[in-house]
Amino acid sequence: MSSTQSRIEQLRKQLNDANYRYYVLDQPTISDEKYDALFKELLELEKAHPEYLDLASPTQKVGGPPLDKFSKYRHREPMLSLQNIYSSEELTDFYDRWAAVIGNDFSIVGEPKFDGLAIELVYENGLLTVASTRGDGETGENVTENVKTIRSVPLKLRGDYPSLLEVRGEIIILKEDFEKLNRDRVKNEEPLFANPRNAAAGSIRQLDPKITAKRHLDLFCHSIGKIEGARFKTQWELGELFKDWGLRTHSLKKKLHSQSEIQKFFTEVEEQRESLPYEIDGIVLKVNEMKHQRELGFVARSPRWAVAYKFKAQEGVTLLKDVHFQVGRTGVVTPVAVLEPVWIGGVEVKSATLHNEDQIKALGIKIHDTVVVKRAGDVIPNIQSVITEKRTGKEKTIHFPKHCPSCKDAVVTSDDEVAHRCINVACPARLAETLKHFASKRAMNIEGLGDKWIDILLEKKLIHHFSSLYDLTPELLQTLERQGERSAQKLCDAIQKTKSNTLDRFIFALGIRFVGERTAELLALHFGTLNKFLNASEAELLHVEEVGEKVASAILQFISDKKNRNEIERLIEKGVRPKSIQAHGGTTLQGKTFVITGTLPSLSRDEAANLIRSHGGKVTGSVSKNTDYLVVGEDAGSKLTKARELGVKELSEEGLKALVR
Ligand code: IVH
């Protein structure tokens, strides 16, 4: 074996071991930085030595090219469901039925019931060959490429693995990632995921594995389908074998010997529910001994030897008292349900979102209806359904207002979106939201100027747009109730301090439609100064990465609006001077424009773009005569043709790296 080959194998082993220690043993041994460094070294070696390709290498977890659609996959053994119970009485019934068949000498394995997406992984001779969704239980979808990107899914089993293993588990998304995903969807005006399970499912059912790879999904293994070449007598032993084979199981698992032990475990797990980083909705109880499992067998679509003991739903039934309409920063009018207060999972719920008119129609909901309200994690409560049996005939249809609830201007709708909008830019409701956004942490970051303050200042007519914030003086603030000298001074200082914020923050703070933090940063990097940004042409905007026609047109609309221009002028008069930001790293690519096409061997497109930007270069989405270089990966399409027509220089990933060096 050559020394390169042995280094490659050593790296693969080190990385696999690191994943195993991290996910399965829960004992991380190396830092993320070290992991990344080893990963990078391996990528480079594999690239230089394609002869040592191994499809089970940890580098294969980055996600292949997009698919057109998922193919169907038939499970060797059907994927069943579990019967549910909800009370200790139902538990007694179940327990007694078990005892009637298998006697009293049995134990139970209890573990959390994950609220995720059921998945089956097939390992043939230790290699992951297929991953599929449950589908109708008989046939699911082949989502192998996506599942491969999940870090806790081993591509190759460890130790003394069976020749065939169909392992089943749950793919979950962290609550925090779920919330971030929804925040992004709000920003992009896309429909929200109702719960983490839908978000996990949506992430796995992405045709582009690279999108799945970004979603931080995780896997917990809990059961099997067909298995050949392994011996075990109990469910518990099987769980231990999972670990030996490198498959992640949950540590919150316990062997139980009586109903009272089960009940205690149920309570323990329920107490931990809120603090777990992902959603669970109960516990699963499985008869431990395989011989007993065989004796108990199956009923219809469920095993008789297992049951899901569900937590009390995070749901409540209450009355819809009224619907209020809120106007957001972009003018979208959102219906908010006003509820008769109800306690759900230890929290008093008084309102819920109704999203938009489509949602109201889909629910068929009316004012005075009795409704089922659900809390999913820390998300705004949702109305699940209407209990139509409880109708009295006095219910009232919900009408969307024809006029903005705040400024009374006409509300408009358009064919291409469900939203109702107030298009008056001077609308007070929009203004409040606009100012809150401007001051918020991720925008201008005016410390101490929270939402409440803005409401007060607006009410007292002390502010009416961004620039008036900079006119506030401690004396003025002190005229407000309960406002001490020191804190008034502090707030004014905090406001003044933001005059020298960076350009990216400033652009983001303006609240231009579709311009999130990242786009603002790209715009700031591209244009360098506020003045250049304000005078951008459409063509120039389209040259900024991630700026497509929709975004460019929103920016143009904003910067060509007279009122907006005047307001920015006033900000400058008050001394606001957004600082240009420097790409980190260097300036070797300064003034050069790049386009990336196709799949690069080791860098993702984002990584390549970041590399270019961090050395002062520009990355744009389409080839034109202004393009200096086209970075070409595998399966390059029309961009390459165009670049050749225009005589644009071509670069490989290696070439790009060399240029940077
Ligand atoms: S054992 C019936 N254990 O719940 C097959 N299932 O309604 C035995 N689930 O689709 C499954 N957490 O994917 C088992 N700890 C756990 C589970 C679990 C969630 C899912 C499972 C199945 C559904 C059953």
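The values are calculated or read from the model by the stated rules, or taken from the named source; none is laboratory data. Keep in mind it's a predicted model, so treat the numbers as computed, not measured. A quick note on method: Cβ atoms are made from the backbone with ideal geometry, for glycine too, and the neighbour counts reach across all protein chains shown. All accessible areas refer to the heavy atoms of the entire protein, side chains included, with ligands and DNA or RNA removed. Shrake-Rupley method; radii C 1.70, N 1.55, O 1.52, S 1.80 Å.
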Task: Sole residue being among the β-branched types (V, I, T), surrounded by 13 or more Cβ atoms within 10 Å (Cβ to Cβ) and under 17 Å from L571 (Cα atoms), chosen from I446, I456 - done: I446
Open item on the list: Condition first: open to solvent by less than 20 Å² (accessible area, probe 1.4 Å) and more than 22 Å from Q206 (Cα to Cα). Now tell me which residues in the range 140-166 satisfy that.
Closed with: L157, P162, L164, L165, E166
Task: Within the range 17-36, tally of residues that are open to solvent by less than 60 Å² (accessible area, probe 1.4 Å) and assigned to a helix (DSSP H, G or I) - done: 7
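Look at the range 51-104 and say how many of its residues are among the aliphatic types (A, V, I, L, M) and in a loop (DSSP other than H, G, I, E, B).
Adding up the residues that qualify gives 7.
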Open item on the list: If I filter the range 83-104 down to residues being within 16 Å of the ligand (Cβ to nearest atom), within 24 Å of M290 (Cβ to Cβ) and aromatic (F, W, Y), which single residue comes out as farthest from the chain's Cα centre (by Cα)?
Closed with: W98
Task: the range 98-116, residues that are open to solvent by 30 Å² or more (accessible area, probe 1.4 Å), in contact (Cβ under 8 Å) with a residue 40 or more places away in the chain and either touching a helix residue (DSSP H, G or I) at 6+ places or on another chain (Cβ under 6 Å) or over 19 Å from W236 (Cβ atoms) (or both) - done: V101
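Of all residues in the range 335-353 being within 20 Å of V411 (Cβ to Cβ) and at pLDDT 90 or above, which is surrounded by the most Cβ atoms within 10 Å (Cβ to Cβ)?
Only one residue tops the list, namely A337.
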Task: Complete set of residues in the range 36-83 that are aliphatic (A, V, I, L, M) and under 25 Å from I119 (Cα atoms) - done: L55, A56, V62, L67, M79, L80, L82
Open item on the list: If I filter the range 25-37 for residues that are touching a Leu at 6+ places or on another chain (Cβ under 6 Å) and hydrophobic (A, V, I, L, M, F, W, C), do I get at least one hit?
Closed with: no
Task: Given (1) within 16 Å of the ligand (Cβ to nearest atom); (2) charged (D, E, K, R); (3) under 14 Å from the mean Cα position of the chain (by Cα), number of the condition R134 does not satisfy - done: (3)
